[in-house]
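J.: The following block contains the structure, expressed as C-alpha cells.
What follows draws every value from the coordinates through simple rules; no lab data is involved. From a predicted model like this one, the values you see are computed outputs, not experimental measurements. With ideal geometry, Cβ positions are generated from the backbone for all residues, glycine too; neighbour counts draw on all protein chains shown.
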Amino acid sequence: MLIDFLIRNYIVFANRRLRVEPYPLTFWWQKRERLKRYSGKQNILTPSYRSLKTPGETIPVPELKGLYDGVTLGFWTLDAASMTLLWERLVKEKPRVIAECGCGVSTIMFAKYFSLHRPDGVLLSFEQDEKEKQRLDNRLKELGLEKGVHIYYVPVSDPDKGYDFHLKGGPSALPGIEPFDWLVVDGPNGSDNSRYTTVPALQELAKPGAVFFLDDSFRDGEFRILENWSKLPGVTVEGIYPIGKGLATGKFK
C-alpha cells in the first residue's frame, strides 16, 4: 500500500537525520506507536530491505575492500552502515574475544580486524547451518584469515528455544570457549523469539562490562526480545542505533 511505502521511506530519511548513537527503547516505542496510527503493518519501524541493499564492493571501510566482492549486503546480511559502525567500535575498543550468533559477513570482518589489530584475538561463532559453517571455514582459509576463528555447529531443534546449547552440556563445554568481550547476535533464524535465549545462555561467558549487539532490532520480535533482556539481572539494554535494520546495544554487568 502507498501509506506503507511512505512510512518506510520516512523511517529511512528520519533515521539518517538522527545522531549515530543508541536511542533508548522508550524513544523507539513512542515512534512505533505514532506510526501505527497510519498503518497496522507489522515491523513498522523496519525500512524496506531493498533500500538497504548495497554491493559488497562499495562498503565504506578501506580495510574491508575486496572481501565482499560479489556479495549483496543488507538483505539477509548485516547492512553496510551497521558494519561500518561495528568496525569503528572494534578499532576503538579493541576487544580480544568476540562471540557471534550466526556466521556470515561479520565473521570475515572480525577475522580481518584480528589480523590488523588483535593477532591474539579469538572469535567464537555459533552457526545453525552446517553447510554455512563449512562455507565460511573454506572462505576464511582462502583469505588467509582463519587464525583464531572457531565456528561451532549448534543446531536449532525448536524455533522458539533457539540454539540447542544444552545438547553439548552448555556453551562453556564447547572446545576452545573462553569469556568474551563482545557478543553480536544475528541468529539463529527461526521464530520471532528464537534469538531471546542467546543472551541468557551466553551470559555466564560474558566478562564484566562485556558489550552485546542485536541486529534487526526494528522488527517487532527483536524489540520484544530487547524489552525482555532489559529485565534480566546483570543485563542493561542501552538502546538501538538509528541505522540499517536497527542495531541494538547493551552491556553485561
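J.: Can you give the local net charge around residue 65? Use residues other than it whose beta-carbon is closer than 11 angstrom to its beta-carbon, Lys and Arg +1, Asp and Glu -1.
T.: With Lys, Arg at +1 and Asp, Glu at -1, the neighbours total -2.
J.: Post the alpha-carbon centroid distance, region 38-101 to region 104-132, in whole angstrom.
T.: Going from one Cα centre to the other spans 15 Å.
J.: A further question follows. List residues of region 113-139, by number, whose backbone nitrogen lies under 17 Å from a label position 7 Å along Cα→C-beta of residue 93.
T.: The answer is 113-114, 117-118, 121-125.
J.: A further question on this structure: Which angle between 0 and 90 degrees, to the nearest 10, do you get for helix 220-229 versus the longest principal axis of the chain when only C-alpha atoms count?
T.: 60 degrees
J.: State the Kirkwood hydrodynamic radius of region 35-132 in Å, one decimal place, computed from all pairs of distinct Cα atoms.
T.: One decimal place: 15.0 Å for the Kirkwood radius.
J.: A further question follows. Check which residues have an amide H placed less than 5 Å from residue 239's amide H, if you skip close sequence neighbours.
T.: Those qualifying (amide H under 5 Å, at least 5 residues apart or on another chain) are 249.
J.: Principal axis lengths of region 30-79 from Cα atoms, whole Å, largest first?
T.: 44, 17, 12 Å, listed from the longest principal axis down.
J.: May I ask for the net charge around residue 200, where only other residues with Cβ less than 12 Å from the Cβ of residue 200 are counted and Lys, Arg are +1 while Asp, Glu are -1?
T.: Combined, the nearby Lys, Arg, Asp and Glu give +2.
J.: Where Lys and Arg each count +1 and Asp and Glu each count -1, what net charge lies around residue 145 among other residues with Cβ under 10 Å from its Cβ?
T.: +2
J.: What is the angle, in °, between the Cα long axis of helix 2-17 and the longest principal axis of the Cα atoms in the chain? Nearest 10 is fine, range 0 to 90.
T.: Rounded to the nearest ten degrees, it is 60.
J.: Sticking with this one: Kindly rank 86-97, 187-198, 204-215 from highest to lowest mean number of other beta carbons found within 10 Å of each residue. It would help to have the intermediate numbers written out before the result.
T.: Numbers: 86-97: 16.0, 187-198: 20.5, 204-215: 18.9.
Averaged packing, sorted descending, gives the order 187-198, 204-215, 86-97.
J.: If you put +1 on each Lys and Arg Cβ and -1 on each Asp and Glu Cβ, how big is the dipole of the chain around its Cα centre, in Debye rounded to 20?
T.: For this selection, approximately 880 debye.
J.: Report Rg/Rh for region 132-231, rounded to two decimals, where Rg is the Cα radius of gyration and Rh the Kirkwood radius.
T.: Details: Rg = 14.4 Å, Rh = 14.8 Å.
We get a ratio of 0.97 for region 132-231.
J.: Counting pairs of Cα atoms in the chain, how many percent are more than 32 Å apart?
T.: Considering the chain, 18 percent of its Cα-Cα pairs are separated by more than 32 Å.
J.: Using only the Cα atoms of region 118-161, build the gyration tensor, take square roots of its eigenvalues as a ≥ b ≥ c, and label the shape rounded, prolate or oblate: rounded if a/c is under 1.5, else prolate if a/b is larger than b/c, else oblate.
T.: Note, shape of region 118-161 comes out oblate.
J.: Could you give the dipole magnitude of region 115-253 about its Cα centre, charging the beta-carbon of Lys and Arg +1 and that of Asp and Glu -1, in debye to the nearest 20? Intermediate results must be reported in sequence, preceding the final value.
T.: Numbers: 17 positive and 22 negative charges, 57 e Å.
Approximately 280 debye in magnitude.
J.: For residue 206, list long-range residues whose amide hydrogen, built 1.01 Å from N in the peptide plane, is under 5 Å from its own amide hydrogen.
T.: Residues meeting the criterion, in which the H sits 1.01 Å from N, are 180.
J.: OK, next. With unit charges on the beta carbons (Lys and Arg positive, Asp and Glu negative) and the dipole taken about the Cα centre of the chain, which residue among 95, 196, 217 sits farthest to the positive side?
T.: So the residue we want is 217.
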